[in-house]
Amino acid sequence: MSSRRSSRGNISEDEINELISKLQSLLPASSRRRGSGQASTTKLLKETCSYIKSLHREVDDLSDRLSDLMSTMDHNSPGAEIIRSILRS
């Protein structure tokens, strides 16, 4: 592998490849694909953006569900206290 410095600053091509590999390992297994070149890197970045967006939607959905649950719960109940302690963690 080449370790030449790119025109992207002080980061080498090897370092970029390593970062891309690390990013790829963070995606769910169904999204991971091996490929080479600019096209697969572009695809990986698009998949990563989509995955982050889906995580944001999931967090929003869970937040809404938790708010709904808390609004129907007695605020002094043991269940409400458990939820509050989890949220403080």
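The values are calculated or read from the model by the stated rules, or taken from the named source; none is laboratory data. Computed from a prediction, not measured in an experiment: that's the story for all the values here. Please note: Cβ atoms are built from the backbone with ideal geometry, for glycine as well, and neighbour counts cover all protein chains shown. Surface accessibility is based on the protein's heavy atoms, side chains included, excluding ligands, DNA and RNA. Shrake-Rupley method; radii C 1.70, N 1.55, O 1.52, S 1.80 Å.
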Query raised in the report: Which residue pairs have Cβ atoms closer than 8 Å, lie 6 or more positions apart in sequence or on different chains, and pair a first residue in the stretch 59-74 that is aliphatic (A, V, I, L, M) with a second residue that is in a helix (DSSP H, G or I) and at pLDDT below 90?
Result: Leu66/Ile83; Leu69/Ile83; Met70/Ala80; Met70/Ile83; Met73/Gly79; Met73/Ala80; Met73/Ile83
**Report entry** First in the stretch 12-40 and open to solvent by 70 Å² or more (accessible area, probe 1.4 Å) and at pLDDT 90 or above, second anywhere and in a helix (DSSP H, G or I) and hydroxyl-bearing (Ser, Thr, Tyr), Cβ under 6 Å, 6 or more apart
**Finding:** none
Query raised in the report: What is the residue count in the stretch 59-89 for residues that are of a type in the set (Gly, Ala, Ser) and open to solvent by 80 Å² or more (accessible area, probe 1.4 Å)?
Result: 2
